[in-house]
1. Check the stretch 65-81 and report whether any residue there is open to solvent by less than 20 Å² (accessible area, probe 1.4 Å), of a type in the set (G, A, S) and modelled with pLDDT of 95 or more.
2. Using the structure shown, decide if S29 is surrounded by 18 or more Cβ atoms within 10 Å (Cβ to Cβ), among the polar types (S, T, N, Q) and at pLDDT 95 or above.
3. What are the residues in the stretch 120-167 that are open to solvent by 70 Å² or more (accessible area, probe 1.4 Å), part of a strand (DSSP E or B) and touching a strand residue (DSSP E or B) at 6+ places or on another chain (Cβ under 7 Å), if any?
4. Among the strands (runs of 3 or more DSSP E) lying completely within the stretch 181-271, list those that include at least 1 residues that are away from the ligand (no atom under 15 Å from the Cβ), within 30 Å of P116 (Cβ to Cβ) and open to solvent by 20 Å² or more (accessible area, probe 1.4 Å).
5. Any chance you could count how many residues in the stretch 37-60 are part of a loop (DSSP other than H, G, I, E, B) and open to solvent by 20 Å² or more (accessible area, probe 1.4 Å)?
Amino acid sequence: MPPTTDPQNSRHGTGHNVPTRYVGRFAPSPTGQLHFGSLVAAVASFADARSHNGVWLLRNDDVDQSRTVVGSAQDIMATLRAFGFSWDGPVHHQSQRQNHYADAIDKLRQRDLVYPCRCSRRQVEAAGRRGADGIIYPGTCLNWNGIGTERVSVRLRTSDQQIRINDQICGCVHQNLARECGDFVIQRADGFTAYQLAVVVDDFIDGITHVVRGADLLSSTPRQVFLQQQLNYPNPVYAHIPLARDHDGNKLSKYDDAHPVNPAQPLGALHMAWEFLGQPPLPNPCDNVDQFWMMAIPAWSIKRIEQFKSLPD
Ligand code: GLU
């Protein structure tokens, strides 16, 4: 069950703390080639940042090195360049930010907000019921003293309160983490930092004010906002764009490798992404990607994105 959304209520709202500057980002995981779904997310976040005269950063989300495909980060960057994307400053790599993640976990530990957990995935699945994004952790290790097991994960205590997000596309999203998600892992038993913590620390370090990304991450957002609250970080403005699905309704993903975009023919896919995002046809035909972006950026409006989409015919 996804978090509850109410698009009628405060659709296209501005978020709780309206920033005066704009820093956006695109953060692909290097697990394969760039597919159409990721291209759509890149187009939306790039166009939104540039149309606000904002900064646009590129981050290599390689925190989970067990999933990293060698050469994929370089491949994704080359593809982005071929599509005319240009990012500001150097690319940041999650794998180089372990100290920052450890500091954030220490900060949470000092406030007694975390506890060690020795449950295996199978044990959690057997003991918990299904929630917003996987099984709700039933609190098995809440009172465990942490002695005697080497490989433990670290969980963050959630609280019985509504987390509210004013998403620019999905409207008001709310979730009670304790009831719908449960205490969640911020450091995995294999030693890798969990995505939820890494992304919050990264967005804070990079000064991200606007997160424009795929709706598959909407159900993670309440956990990220909760972490921001616990770490005293500001909340970015969120916009979750509809997932690109094929005509059978299946989500396009890097894993099926069925729809990698072709860097040798960027224009067709750019136009398709543009149309998918509900944007109007560009005033003139374009011969290259620079012309595309020159016309696209001033024409962009995030308000035109509809919530549920499948690929244009
Ligand atoms: N690395 C994530 C992905 O490729 C995106 C993270 C984010 O945008 O917060 O799905």
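1. yes
2. Criteria met by S29.
3. Across the stretch 120-167, the qualifying residues are Q162, R164.
4. Per the criteria, 184-187.
5. Of the residues in the stretch 37-60, 2 are part of a loop (DSSP other than H, G, I, E, B) and open to solvent by 20 Å² or more (accessible area, probe 1.4 Å).
The values are calculated or read from the model by the stated rules, or taken from the named source; none is laboratory data. Treat the numbers as computed from the prediction; the structure is a model and nothing was measured. No Cβ is skipped: glycine too gets one built from the backbone with ideal geometry, and neighbour counts run over all protein chains shown. SASA here: full protein model, heavy atoms, side chains in, ligands and nucleic acids out. Shrake-Rupley method; radii C 1.70, N 1.55, O 1.52, S 1.80 Å.
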